[in-house]
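**Student:** Let me give you the structure first, and then I'll get to my questions.
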Amino acid sequence: MRLAFGIVRLFPEGGLQRHCLGVARLLLDRGHEVTLFTSHNLCELPEHLSLRLLPVRAYTNHGTDWAFARKFNAAVAGRFDRIVGFNKLIGLDLLYCADPPVEDRQRGRWRRILPRYRARLRLEGESFRPSSSTHIIAVTRELADTYRQYWGLGMDRFTVIPPVIESARRRPDLRHLGRRSELRAALRLPAGGPVWLWIGAKPRVKGLDRVLAALAVKPNATLLIVGTTADRGEGRAAAEQARRLGVFDRVRFFGYREDIPQFFAVADVLVHPARRDVTGQVILEAIVNGVPVVAAACCGFAGHVRAADAGIVLSEPFAQDALEAALARVEEPALAGFFSKNGIEYGRSVVPLDGRTIAADVIENGPRSRPAAEVARIMKPGIITPPMPVPD
């Protein structure tokens, strides 16, 4: 089949972007022709993947989204067997959905008067209105249920896929005492005091400011920041906050890195007090690598922290003193060891379906439900979210 993939921007630090390329690679391996349309590319592409750049110019993010959506629709109409979006676009057969609905009550009702809200709601409606035929591949069951509530859709419009744990990011063996010491020495980390890890490309959304505030009351801790640099965008604001709080000398910015397992190996805790996160892929990756986690309850994968008993989930609404207390608790050696051991065992006992494989199946063959017996053989029931159907 000839398949068209659309994603507004392609950059290596984005989880959605990695999933897009992963699904494309699977379909290429199955003998399909995949053409990827984007406005901007910074990624290394799989062999045989065709790239079509559709540059757009706009003064706002929602303007960029609409401009790309129109160009993409014009470029693919009538030319492909399947049209797949990894952002909300126009004329899609399937949408790989990892973003919350525009109609998010937590954002405040006053925002509904803004042009940005109205533009994004219209674009969302292209795929989610009841009269649309777009099939939605949702990354969590909760996300699918939320969209169904807002748009009044039936379960037949959705396929829910389980999470993805890339084998390259699953290296609990690196936490072996000797290897861990070597990696800490290579990063020139101080011998004493806890090492905190924060990973993300959107500092405010993922709660980096909250972590820096906690660091200010923990004078012997070191914070490693991966996925964000100190000299660009929100990273610059985070660096300025660190200077104001007097903790900049204990903060290390690493930007985008591929060697994430090495950071899991040296860290004592992953801190993820996000304001909003549909999944929180790093939470699950940290758990299976044996890193205790402190995460906000709003994160989609916070349930894995509870299921594995591998850290502390912060209650909503967020309270800064609760974050600081949780970080103090996970510093206790016995509890930290308990969380770490539980996380590694969770990773060994729970072998999830690869969500990208199921997404590729749906793109290739259309939506279907896997037999319950097949699901039970591959995953531990009640912990990893199975694929469709989504229950009413």
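Here, each number is a calculation from the coordinates, and none is a lab measurement. Just so we're clear, the structure is a prediction, and the values are computed from it rather than from any experiment. Note that we place each Cβ from the backbone using ideal geometry, even for glycine, and neighbour counts take in every protein chain shown.
**Student:** Students often get this wrong: which residues of segment 221-243 have the backbone nitrogen under 13 Å from the point 7 angstrom along Cα-to-C-beta of R204?
**Tutor:** Label zone hits: 233-238.
**Student:** Where in segment 295-321 is the amide nitrogen less than 18 Å from a point lying 7 Å along the Cα-to-Cβ axis of F338?
**Tutor:** Backbone N within reach: 295, 305-314.
**Student:** Using 1/(1 + (r/R0)^6) with R0 = 56 angstrom and r between the beta carbons of D321 and M1, what's the FRET efficiency to the nearest 0.05?
**Tutor:** 0.55
**Student:** Something else now. Which distance in nm do the two modelled labels at V217 and E166 give, with both placed 7 Å along the Cα-to-Cβ direction?
**Tutor:** Result for the modelled spin labels: 3.6 nm.
**Student:** Working from Cα positions, state the angle (0 to 90°, nearest 10) between the long axis of helix 115-128 and the longest principal axis of the chain.
**Tutor:** Once rounded, the angle reads 60 degrees.
**Student:** Here's a follow-up. Rounded to the nearest 5, what is the percent of antiparallel bridges among the DSSP beta bridges in the chain?
**Tutor:** About 0 percent, rounded to the nearest 5.
**Student:** Could you tally the net charge around L123, taking each other residue with its Cβ under 12 Å from the Cβ of L123, Lys/Arg +1 and Asp/Glu -1?
**Tutor:** Neighbour charge sum, excluding L123 itself: +3.
**Student:** In degrees between 0 and 90, to the nearest 10, how far off the longest principal axis of the chain does helix 177-186 point, with axes built from Cα atoms?
**Tutor:** Once rounded, one gets 80 degrees.
**Student:** Taking the Cα centre of segment 167-349 as origin, sum charge times position over the Cβ atoms of Lys and Arg (+1) and Asp and Glu (-1), and report the length of that vector in debye to the nearest 20.
**Tutor:** 340
**Student:** Further, regarding this structure: What ranking of E258, E103 emerges when the number of other C-beta atoms within 10 Å of each C-beta is taken as an exposure proxy, fewest first?
**Tutor:** Ranking E258, E103 by Cβ neighbours within 10 Å, fewest first, gives E258, E103.
**Student:** Then there's this: Given the options S39, L212, M1, identify the residue whose Cα lies farthest towards the positive end of the charge dipole of the chain (+1 on Cβ of Lys, Arg; -1 on Cβ of Asp, Glu).
**Tutor:** Result: S39, furthest along the dipole toward the positive end.
**Student:** So, counting K/R as plus one and D/E as minus one, what does the shell of residues with Cβ under 10 Å around I199 add up to?
**Tutor:** It works out to a net charge of 0.
**Student:** Under the Karplus relation 6.51 cos²θ - 1.76 cosθ + 1.60, θ = phi - 60°, what is the ordered set of whole-Hz ³J(HN,Hα) values for segment 217-232, x standing for Gly and Pro?
**Tutor:** 9, 10, x, 9, 8, 10, 10, 9, 10, 10, x, 9, 9, 7, 10, 9
**Student:** Now, a different point. Specify the angular offset, from 0 to 90 degrees and rounded to the nearest 10, of the alpha carbon long axis of helix 320-329 from the longest principal axis of the alpha carbons in the chain.
**Tutor:** The helix 320-329 is inclined about 60 degrees to the chain.
**Student:** Which far-off residues, 5 or more places away or on another chain, put their amide H under 5 Å from the one on G311, with H placed in the peptide plane?
**Tutor:** Answer set, sorted by chain and number: V293.
**Student:** At a Cα cut-off below 29 Å, give the lysines reachable from K88, other chains included and same-chain residues fewer than 8 away excluded.
**Tutor:** By straight Cα distance, K88 reaches K71, K202, K206.
**Student:** For segment 38-128, which trypsin sites (Lys or Arg not before Pro) pass both filters: DSSP loop (anything but H, G, I, E, B) and at most 14 other C-beta atoms within 10 Å?
**Tutor:** R57, R79
**Student:** For H176 and L114, calculate 0.36 nm times their separation in residues minus their Cα-Cα distance, and state this gained length in nm to one decimal.
**Tutor:** Details: separation 62, 0.36 × 62 = 22.32 nm, distance 5.23 nm.
Length difference between fully extended and current span is 17.1 nm.
**Student:** Assigning unit charges at the beta carbon (Lys, Arg +1; Asp, Glu -1) and nothing else, what dipole magnitude in debye, to the nearest 20, does segment 2-160 show about its Cα centre?
**Tutor:** For this selection, approximately 720 debye.
**Student:** I'd like the Karplus ³J(HN,Hα) series for segment 153-160: coefficients 6.51, -1.76, 1.60, θ = phi - 60°, whole numbers in Hz, and an x wherever there's a Gly or Pro.
**Tutor:** Taking θ as phi minus 60°, the curve returns 9, x, 5, 5, 7, 10, 10, 9 Hz for segment 153-160.
**Student:** Please find the FRET efficiency linking A186 to E33, where r is the Cβ-Cβ separation and R0 is fixed at 30 Å, and quote it to the nearest 0.05.
**Tutor:** 0.10
**Student:** Okay, moving on. Is any residue of segment 174-213 close enough, with backbone N under 12 Å, to a label point placed 7 angstrom from the Cα of R252 along the Cα-Cβ axis, and if so, which?
**Tutor:** Zone members listed by number: 181-192, 195-198.
**Student:** When the dipole is taken about the Cα centre of the chain, and only Lys, Arg (+1) and Asp, Glu (-1) are charged at their Cβ, what size is it in debye, to the nearest 20?
**Tutor:** Using only the charged Cβ atoms, the result is roughly 920 debye.
**Student:** What's the local net charge at L223, with K and R +1, D and E -1, over the other residues with C-beta under 9 Å away?
**Tutor:** With Lys, Arg at +1 and Asp, Glu at -1, the neighbours total +2.
**Student:** Choose one of A191, I260, L51: the residue whose Cα lies farthest towards the positive end of the charge dipole of the chain (beta-carbon charges +1 Lys, Arg; -1 Asp, Glu; about the Cα centre).
**Tutor:** Farthest towards the positive end: L51.
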